[in-house]
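Student: Input: one structure, supplied below.
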Amino acid sequence: MRRARHLQVAVLAAVLTVSMAGCGKDKKNSGSGKKVSLKAGSTMEKLNKAGKVTVGVKFDQPGFGQKDPSSGKVAGFDVEIAKIIAGEMGIPEKSIEFVESVSANREPFITEGKVDMVVATYTINDKRKALISFAGPYYVAGQDIMVKKGNPKAIKAVADLNGKKVCSVEGSTSEKNVKAKAPQATVTLFKTYTECAEDLRNDKVDAVSTDNVILIGLIDKAKDDFELVGDKFTDEPYGIGVKKDDTDFRNFVNDVLEKIYKDGRWKKAYTDTVGKFVKEAPEPPAVVRY
Ligand code: GLU
């Protein structure tokens, strides 16, 4: 009788194990203490099992991704978004490896597998979508112009950049937009916007052009030296770059974004970072599931 009972329990346990394994989703715990439910065989499950994730971010853009040289820590809105996504995969903050990705190496970093995702003021567009996939958008910036304080060259709009020396970053939408909207501008290209700001400071260029929020972050560090002019002349919807056609991962990140729009974590991430110098907290943009 006793043996029969034991046998029954053993059989029941075996059946349960098999049926749980077959149900696609499983509860994982990677040491963060947080139990998460991730689709079997997905990138999220693989990262959870590895217990770490590699994320491409900017290292020199105050408000979005900036590395503190003394602590070695990166901070900003993009960094916060990455931490939240990692957390939803059961990966704690200390197990995220942040890698500097400048504008030009974002697609190669994703296609070559150097990073698992890129969260780096990364505009969603069709050209990039041919190489990688995007979740989001989670923020919409717009291109603008930064000049020396007092605007000595009287630049008021993008057309005024014709005949002027303008700095931007290679591989960015900013570079393409300046060339298209001010074809007579002489464009200097660097890897990062801080290098552009140095050229402006040293009068090697007349203006720097990129996303307003990037420029506002740079101005915040040098209020006596630079100012923003004109109105934004493009829309730059920021997405999270993942491997092309990794639909499960893209859907997962989109689900996380929609969740944090509702539960206040998006707003907190914003106000704690870029919101410190861009006062109006915008409404989060609707996620586009293509
Ligand atoms: N958002 C634009 C882009 O993705 C400009 C900013 C940047 O280079 O990160 O190219």
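Student: Pairs please, first residue from segment 99-125 and at positive phi, second anywhere and part of a loop (DSSP other than H, G, I, E, B) and within 14 Å of the ligand (Cβ to nearest atom), Cβ atoms under 7 Å, 6+ apart in sequence or on different chains.
Tutor: As it stands, the answer is T121/K58; T121/F64, since those pairs meet every condition given.
Student: Something else: Would you be able to tell me the number of residues in segment 215-263 that are within 16 Å of the ligand (Cβ to nearest atom) and either farther than 20 Å from K39 by Cα or surrounded by fewer than 18 Cβ atoms within 10 Å (Cβ to Cβ) (or both)?
Tutor: 14
Student: Shifting gears a bit: Give the residue that is nearest to G65 (Cα to Cα), with candidates limited to residues of segment 138-151 that are surrounded by fewer than 24 Cβ atoms within 10 Å (Cβ to Cβ) and out of contact with any Ser or Thr (no Cβ under 9 Å at 6 or more places or on another chain).
Tutor: Restricting to residues being surrounded by fewer than 24 Cβ atoms within 10 Å (Cβ to Cβ) and out of contact with any Ser or Thr (no Cβ under 9 Å at 6 or more places or on another chain), the top hit is V140.
Student: Taking segment 77-94, which residues are in contact (Cβ under 8 Å) with a residue 60 or more places away in the chain, over 11 Å from the mean Cα position of the chain (by Cα) and open to solvent by 10 Å² or more (accessible area, probe 1.4 Å)?
Tutor: I84, E88, P92 - these are the residues of segment 77-94 that are in contact (Cβ under 8 Å) with a residue 60 or more places away in the chain, over 11 Å from the mean Cα position of the chain (by Cα) and open to solvent by 10 Å² or more (accessible area, probe 1.4 Å).
Student: In segment 132-159, which residues are more than 21 Å from W266 (Cα to Cα) and either within 19 Å of the chain's Cα centre (by Cα) or hydroxyl-bearing (S, T, Y) (or both)?
Tutor: I132, S133, Q143
Student: Right, another one. Identify the single condition in (1) modelled with pLDDT of 95 or more; (2) among the hydrophobic types (A, V, I, L, M, F, W, C); (3) in contact with a Gly (Cβ under 9 Å, 6 or more places away or on another chain) that V278 does not satisfy, given that it satisfies every other one.
Tutor: Single failed check for V278: (1).
Student: With respect to V187, determine if the residue is of a type in the set (V, I, T), open to solvent by 20 Å² or more (accessible area, probe 1.4 Å) and touching a strand residue (DSSP E or B) at 6+ places or on another chain (Cβ under 6 Å).
Tutor: Yes.
Student: Now for a separate question. Is segment 160-172 home to any residue that is within 30 Å of R265 (Cβ to Cβ) and crowded, with 18+ Cβ neighbours inside 10 Å?
Tutor: Looking through segment 160-172, at least one residue is within 30 Å of R265 (Cβ to Cβ) and crowded, with 18+ Cβ neighbours inside 10 Å.
Student: Moving on to the next point. Looking at segment 43-76 only, could you name the residues that are in a helix (DSSP H, G or I) and in contact (Cβ under 8 Å) with a residue 12 or more places away in the chain?
Tutor: If the condition is that a residue be in a helix (DSSP H, G or I) and in contact (Cβ under 8 Å) with a residue 12 or more places away in the chain, then T43, M44, E45, L47, N48, K49 are the ones that fit.
Student: Just one of (1) open to solvent by 20 Å² or more (accessible area, probe 1.4 Å); (2) closer than 26 Å to T194 by Cα trips up A130, so point out which.
Tutor: Among (1) open to solvent by 20 Å² or more (accessible area, probe 1.4 Å); (2) closer than 26 Å to T194 by Cα, A130 violates only (2).
Student: Between a first residue in segment 212-227 that is assigned to a helix (DSSP H, G or I) and a second residue that is open to solvent by 50 Å² or more (accessible area, probe 1.4 Å) and polar (S, T, N, Q), which pairs have beta carbons less than 9 Å apart while being 6 or more apart in sequence or on different chains?
Tutor: Going by the 9 Å Cβ cut-off, the qualifying pairs are G217/Q66; L218/T194.
The values are calculated or read from the model by the stated rules, or taken from the named source; none is laboratory data. Since this is a predicted model, take the numbers as computed values, not measurements. In this analysis, Cβ positions are derived from the backbone assuming ideal geometry, glycine residues included, and neighbour counts consider all displayed protein chains. Only protein heavy atoms, including side chains, enter the accessible area calculation; ligands, DNA and RNA are left aside. Shrake-Rupley method; radii C 1.70, N 1.55, O 1.52, S 1.80 Å.
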